[in-house]
Amino acid sequence: MRTRFLSRSPLTSYPDSFLSEHAALLRKHLPLSPTQAIVAVGIWLSLPEKQIAAGLGKSSATIHQHTRAIYAQFGQLGFAGRVGVAVAVERVLGQFSPEMIVVDTDPKR
């Protein structure tokens, strides 16, 4: 059975509580600003920067700058690029609150 995370749904399709709870948990364990934490959750959800920007009501350039800052911070921890950020976020969320992780186990996808 293959496990796959929900992905490519617009950021606005997730409840505010989902985003805020995940972002708050990340901020407890990683040195991220509130916006960076939400962007990191968006990266974890495999959302492109444009969708994250639209969901937050910010420009793509602003989200790109947040993404670059996240890559720099996570790179210092040994996690490179989008995949590294997703792995780091997964480890934090899975370690401290596994019931918060939403998965789609549909093997047809």
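The values are calculated or read from the model by the stated rules, or taken from the named source; none is laboratory data. What you see is a predicted model, and the numbers here were worked out from it, not measured in a lab. The area values use the complete protein model at the heavy-atom level, side chains included, leaving out ligands, DNA and RNA. Shrake-Rupley method; radii C 1.70, N 1.55, O 1.52, S 1.80 Å.
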With a 1.4 Å probe and all protein chains in place, put 82, 27, 91 in order of accessible area, largest first.
-> 91, 27, 82
Solvent accessible area, Å² - residue 77, 1.4 Å probe, full protein context = 100 Å²
Can you pull a Stokes-Einstein diffusion coefficient for segment 18-86 at 20 °C (1.002 mPa s), Rh from Kirkwood over Cα pairs, as a whole number of µm²/s?
-> 183 µm²/s
On the accessible surface of segment 42-83, probed at 1.4 Å with all protein chains in place, carbon and sulfur together account for a percent value of 57 percent
Residue 50 - accessible surface, heavy atoms, 1.4 Å probe, Å² rounded to 10 = 150 Å²
